[in-house]
Amino acid sequence: MRRAYDEELEQLHRKFYQMGCMVNEAIYKSIKAFVKHDKELAKGVIDEDKEINQYEHDLEQSCIELIALQQPVTTDLRKIITVMKASADLERMGDHAVSIAKSTIRVKGNKRNATVEGMISDAGEKIKKMGEDILSAYVEYDKERALEIAKYDYLVDSLVHDIKEASIAEMKKDPELVLGATDYIMVSTYIERIGDYITNISEWIVYFDTGEIQELNTHHTYENL
Amino acid sequence: MATQSPKMNIKDLKLWYGDFQALHGLDLEIPEKQITAFIGPSGCGKSTFIKSLNRMNDLIETCRIEGTIELDGKNIYSNKMDVNKLRKRVGMVFQQPNPFPKSIYDNIAYGPRTHGIKDKKTLDEIVERSLKQAAIWDEVKDHLDRNALSISGGQQQRICIARALAVEPEVLLMDEPTSALDPISTAKIEELVSDLKNEYTIVMVTHNMQQASRVSDKTAFFLNGHIIETGDTRKIFTNPDQEETENYISGRFG
């Protein structure tokens, strides 16, 4: 019985990883579509989100059944809780990719600014790297790596901060940019939120390893509001 | 899943011990090559019910039965049914390991011999195959001549399972097969049972709810001689339809 149970846990692990890969792909595509003004690619991201949601649904269902039928304890229990919580974070990351894709589709000949779009592209690269790293940290249950990735979140935050500043500065110079730059600000906020969800996943990897639920990156200060 | 006809089909089964009615019109389908678990508090009729599936209740004089139990569509209580053949097709393993006070080899060869197999080589093959199926071959292969009562309880129970398998039954009834065993032996038997379902239809009575949830595909919940609810184990243990099932499974009574 233990063997069948182990197989189910292993399958949970694999499915979570597959879901993570799909979400990372969606984020990457959505940012690429945004800076390349590629509406077709953006539509693809929106269509594929259904599959991501289905993955989350299946994972939750499996977790609930494992809890009910196997009465998991210790490592097994933490493994299941980690998947359950972290898959919800992944799903939200996917939703943000959809929001970015929608911004891309919404743009209708607005004036654009290459400098800010370049900055968004850079932030996108960073978040993509974080997304990939968190998945490999998860696969290896590597707590140290997870803690390190969470620390990088402030880099994303500061890039996002810069994008917002630059957008406002450009809008002041050229009011025709207002429509486009509003989207820059929104997209940068989505990227920032994706970073926060990646940090959440770090927290669950730490939980898996230590059994302790801790908040990483509570670097809220009144200065950078 | 394709709906196939059930291996055993029980219709309106009523059973009395003298004046006492133990089973009140039970209906149940037992699917082929799956594990069906019976759960319920003591005295709810699940052991009585499982015993009626291979007519072990025939041995109790005051016992009277109405209704039908079909095995592959044939009523096992009809006059045409040969009870010895029935029990070859529907084997049983009991709560207490009950090997015969004979060698391990003779325990396993007992059934095939009573069914007329005398050839030494054939018997050797049956013994080896059965012990392997019962996941105990490696532990006993070097001393098959040892008395079966001299080995541990967990091993004895697997010998009893091997003995039941030796006559190549189609259905294996297990009445609380692990309640007398330690957790390690229990885990071994559970592992074994889940492997056996590839070839056999298994019906298991258990007092251990966790065991039912871990091992079985279908669960039937018994109470006071009635089947309150039956269905997929996943469903019964996550969201049963009946409140009594919910209360029993979650430990609110029983």
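Annotations for the structure displayed:
- Among the strands (runs of 3 or more DSSP E) confined to the stretch B:189-233, the ones with at least 1 residues that are within 14 Å of chain A (Cβ to nearest Cβ) and β-branched (Val, Ile, Thr) are located at B:201-205, B:218-223.
- Taken over the stretch B:132-165, residues that are among the aliphatic types (A, V, I, L, M), over 19 Å from the mean Cα position of the chain (by Cα) and open to solvent by 20 Å² or more (accessible area, probe 1.4 Å) amount to 2.
- In the stretch A:17-42, the residues that are assigned to a helix (DSSP H, G or I), open to solvent by 80 Å² or more (accessible area, probe 1.4 Å) and within 15 Å of A:Ile105 (Cβ to Cβ): A:Lys32, A:Lys36, A:Glu40
- Per-region count, the stretch B:104-126, residues at pLDDT below 95 and of a type in the set (A, V, I, L, M, F, W, C): 1
- Test: residue in the stretch B:162-174 that is out of contact with any Asp or Glu (no Cβ under 9 Å at 6 or more places or on another chain), modelled with pLDDT of 95 or more and of a type in the set (Lys, Arg): yes
- Pairs with Cβ under 7 Å, 6+ apart, first in the stretch B:55-67 and closer than 20 Å to B:Met92 by Cα, second part of a loop (DSSP other than H, G, I, E, B) and open to solvent by less than 40 Å² (accessible area, probe 1.4 Å): B:Arg55/B:Ile76
- Among the conditions (1) assigned to a helix (DSSP H, G or I); (2) open to solvent by 70 Å² or more (accessible area, probe 1.4 Å); (3) more than 23 Å from B:Thr201 (Cα to Cα); (4) in contact with a helix residue (DSSP H, G or I) (Cβ under 9 Å, 6 or more places away or on another chain), the only one that B:Pro101 does not satisfy is (1).
- Cβ separations smaller than 7 Å between residues 6+ apart or across chains give the following pairs from the stretch A:153-176 residues that are touching a residue at least 60 places away in the same chain (Cβ under 8 Å) to residues that are of a type in the set (Ser, Thr, Tyr) and open to solvent by less than 50 Å² (accessible area, probe 1.4 Å): A:Asp153/A:Thr199.
Yes/no per residue for (1) part of a strand (DSSP E or B); (2) open to solvent by less than 80 Å² (accessible area, probe 1.4 Å); (3) over 27 Å from B:Phe237 (Cα atoms):
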| site | (1), (2), (3) |
| --- | --- |
| B:Ile10 | yes, yes, no |
| B:Leu15 | yes, yes, yes |
| B:His24 | yes, yes, no |
| B:Glu29 | yes, no, no |
| B:Glu32 | no, yes, no |
| B:Thr36 | yes, yes, no |
| B:Ile65 | yes, yes, yes |
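- For the stretch A:64-83, taking the residues that are touching a Leu at 6+ places or on another chain (Cβ under 7 Å) and in contact (Cβ under 8 Å) with a residue 12 or more places away in the chain, the one that is farthest from A:Ala4 (Cα to Cα) is identified as A:Val83.
- Residues in the stretch A:1-38 that are within 30 Å of B:Glu191 (Cα to Cα) and either acidic (Asp, Glu) or touching a strand residue (DSSP E or B) at 6+ places or on another chain (Cβ under 7 Å) (or both): A:Asp6, A:Glu7, A:Glu8, A:Glu10.
- Filter result for B:Leu123 (in contact with a Phe, Trp or Tyr (Cβ under 9 Å, 6 or more places away or on another chain), away from every other protein chain (no Cβ under 14 Å) and open to solvent by 20 Å² or more (accessible area, probe 1.4 Å)): no
- For the stretch B:8-62, the set of residues classified as in contact with a His (Cβ under 7 Å, 6 or more places away or on another chain) and polar (S, T, N, Q) is empty.
- Test set (1) part of a loop (DSSP other than H, G, I, E, B); (2) within 14 Å of another protein chain (Cβ to nearest Cβ); (3) hydroxyl-bearing (Ser, Thr, Tyr) - B:Ser179 fails condition number: (2)
The values are calculated or read from the model by the stated rules, or taken from the named source; none is laboratory data. Just so it is clear, the model here is predicted, and its values are computed rather than measured. Note that each Cβ is placed from the backbone with ideal geometry, even for glycine, and that neighbours are counted across all protein chains shown. Only protein heavy atoms, including side chains, enter the accessible area calculation; ligands, DNA and RNA are left aside. Shrake-Rupley method; radii C 1.70, N 1.55, O 1.52, S 1.80 Å.
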